[in-house]
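Student: The structure is given below, and queries will be raised subsequently.
The values are calculated or read from the model by the stated rules, or taken from the named source; none is laboratory data. Keep in mind that this is a model prediction, so the values were computed, not measured. Cβ coordinates were reconstructed from backbone atoms using ideal geometry, including for glycine residues, and neighbour counts include every protein chain displayed.
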Protein chains: 2
Amino acid sequence: MATRWLSADEELAWRAFRRLLTTLPARLARDLTADTGLSMTDYEVLSTLSEKPDRRWALKDLAAKMEWSRSRLSHHTTRMQDRGLIDREPDPTDARGCLLKLTDTGYTVLEQAAPAHLASVRDRFLDHLDPAELDLLGRLSTRIADLPDDRTQRNGRERAAPGRLADR
Amino acid sequence: MATRWLSADEELAWRAFRRLLTTLPARLARDLTADTGLSMTDYEVLSTLSEKPDRRWALKDLAAKMEWSRSRLSHHTTRMQDRGLIDREPDPTDARGCLLKLTDTGYTVLEQAAPAHLASVRDRFLDHLDPAELDLLGRLSTRIADLPDDRTQRNGRERAAPGRLADR
DNA sequence: CACATTTCATGGACATGTCAACGAAGTGTT
DNA sequence: AACACTTCGTTGACATGTCCATGAAATGTG
């Protein structure tokens, strides 16, 4: 059922890439948790927060920056707050809002996690690409990730049946 | 805190690729669910099962093939069974085991989902790469995904502190 | 054959994500 | 000012994944 629709080359490359898409993140996550006790998402929140000079960021802005839903970020930061990694402060600008702040503990944890994580990224990824490959991969990634998110402009190809074929 | 550890080129390429790593699967998943009501994992189970001539596969073997834990596959197939997509049969070879079988419904659903999914893969990925890029990406993916999974041989780099820095 | 060990599928507890609904607070219009 | 509308963060129900424990069955060893 699989091989009829793609050329042999496409099939092979797509399969290989799909495998990379699952294994690489899994390995990086495993390393990070083993080394530091942080999940990948924890790490992203901490490192994004640390980019601001005062280590503070309004929830909605951080959510936008990370391309997360506010709900997701709210849930996750509640858990991180319980662990003492970040804090909430009222937003002086908007009484509905809240500021997320990296605690000293959070900053220390991030400071110690960063080198371990980067070593892992090198070992499991960067070190196995030469500069030309890395460059091409970067440009190709940007190109594809920057495609419009909605499907309104899917190339002239006919649209699949809209109805759901299975209940879920 | 980010830019000190990678060269500018590495930093840029890694960031771009990391973004691809989250956006592409999310888009494909969204398309698939909208078009067919299946999740990506549903689709993988169905299409892997369909590769066997008799559409049957022992749970443990399917789990190994998909690189899933047996627990995960058991949970997931229970849900898929409730939806009528697959069935369980006793394994005549091993009374502990069980065979997972694609139902007729499941096969029909897969048959209708496949073209829609492939169109999505084309629109959001394949169509934006030329053959040389695709070829390189495929080879590079295989190379990295095939690296040993354990960390025993992480290149001469010093190991990070083993203890957990934060409780979770 | 008895016995310990391993393998298999399942189950429950928990972590993390999605989605829809909510109340409180901002904004715009008249 | 009064009103509808939007935005913000939180919440709860649910889906899905991980981890660990379990009982049943297979396997290996004396």
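Student: Is it the case that B:Thr77 is on the phi < 0 side of the Ramachandran plot, within 16 Å of DNA strand C (Cβ to nearest atom) and within 9 Å of chain A (Cβ to nearest Cβ)?
Tutor: Spelling it out, it is not the case that B:Thr77 is on the phi < 0 side of the Ramachandran plot, within 16 Å of DNA strand C (Cβ to nearest atom) and within 9 Å of chain A (Cβ to nearest Cβ).
Student: Could we say that B:Gln112 is away from DNA strand D (no atom under 16 Å from the Cβ) and either assigned to a helix (DSSP H, G or I) or in contact with a His (Cβ under 9 Å, 6 or more places away or on another chain) (or both) here?
Tutor: yes
Student: Could you tell me whether segment A:113-130 includes any residue that is away from DNA strand C (no atom under 12 Å from the Cβ), farther than 18 Å from B:Thr22 by Cβ and in contact with a Gly (Cβ under 8 Å, 6 or more places away or on another chain)?
Tutor: Within segment A:113-130, none of the residues are away from DNA strand C (no atom under 12 Å from the Cβ), farther than 18 Å from B:Thr22 by Cβ and in contact with a Gly (Cβ under 8 Å, 6 or more places away or on another chain).
Student: For A:Trp68, indicate whether it is of a type in the set (Phe, Trp, Tyr), within 11 Å of DNA strand D (Cβ to nearest atom) and away from chain B (no Cβ under 12 Å).
Tutor: Answer is no for this residue.
Student: Residues being within 12 Å of DNA strand D (Cβ to nearest atom) and free of Cβ contacts under 8 Å to residues at least 12 places away in the same chain: count how many of those fall in segment B:95-109.
Tutor: Residues flagged as within 12 Å of DNA strand D (Cβ to nearest atom) and free of Cβ contacts under 8 Å to residues at least 12 places away in the same chain within segment B:95-109 amount to 2.
Student: Now a separate question. Would you pick out the residues in segment B:72-113 that are small (Gly, Ala, Ser) and surrounded by fewer than 20 Cβ atoms within 10 Å (Cβ to Cβ)?
Tutor: Residues of segment B:72-113 that are small (Gly, Ala, Ser), as a first pass: B:74, B:84, B:95, B:97, B:106, B:113.
Residues satisfying the conditions are B:Ser74, B:Gly84, B:Ala95, B:Gly97.
Student: I'd like the residue in segment A:63-77 that is of a type in the set (Gly, Ala, Ser) and assigned to a helix (DSSP H, G or I) and, out of all such residues, is farthest from A:Glu51 (Cα to Cα).
Tutor: So, considering only residues that are of a type in the set (Gly, Ala, Ser) and assigned to a helix (DSSP H, G or I), the one farthest from A:Glu51 (Cα to Cα) is A:Ser71.
Student: Which residue out of A:Arg30, A:Arg18 is within 10 Å of chain B (Cβ to nearest Cβ), closer than 30 Å to B:Val109 by Cβ and of a type in the set (D, E, K, R)?
Tutor: Criteria check complete, one pass: A:Arg18.
Student: Quick one: which residue in B:Leu6, B:Leu24 is modelled with pLDDT of 95 or more and either facing another protein chain (nearest Cβ under 9 Å) or at negative phi (or both)?
Tutor: Step by step, each of B:Leu6, B:Leu24 is checked, and only B:Leu24 is modelled with pLDDT of 95 or more and either facing another protein chain (nearest Cβ under 9 Å) or at negative phi (or both).
Student: Of all residues in segment B:88-114, how many are away from every other protein chain (no Cβ under 13 Å) and under 22 Å from the mean Cα position of the chain (by Cα)?
Tutor: Total satisfying the criteria: 3.
Student: Which one of these is surrounded by fewer than 19 Cβ atoms within 10 Å (Cβ to Cβ), closer than 30 Å to A:Asp146 by Cβ, more than 12 Å from DNA strand C (Cβ to nearest atom) and not basic (Lys, Arg): B:Glu44, B:Glu51, B:Glu67?
Tutor: B:Glu44 is the lone residue from the list that is surrounded by fewer than 19 Cβ atoms within 10 Å (Cβ to Cβ), closer than 30 Å to A:Asp146 by Cβ, more than 12 Å from DNA strand C (Cβ to nearest atom) and not basic (Lys, Arg).
Student: Considering A:Arg72, A:Arg139, A:Arg143, which residue is out of contact with any Leu (no Cβ under 9 Å at 6 or more places or on another chain), among the basic types (Lys, Arg), under 30 Å from B:Glu11 (Cα atoms) and more than 16 Å from DNA strand C (Cβ to nearest atom)?
Tutor: A:Arg139
Student: In contact (Cβ under 8 Å) with a residue 60 or more places away in the chain, more than 16 Å from DNA strand D (Cβ to nearest atom) and of a type in the set (Lys, Arg): is that true of B:Arg55 in this structure?
Tutor: Working: in contact (Cβ under 8 Å) with a residue 60 or more places away in the chain: no; more than 16 Å from DNA strand D (Cβ to nearest atom): yes; of a type in the set (Lys, Arg): yes.
No; evaluated as a whole, the condition is false for this residue.
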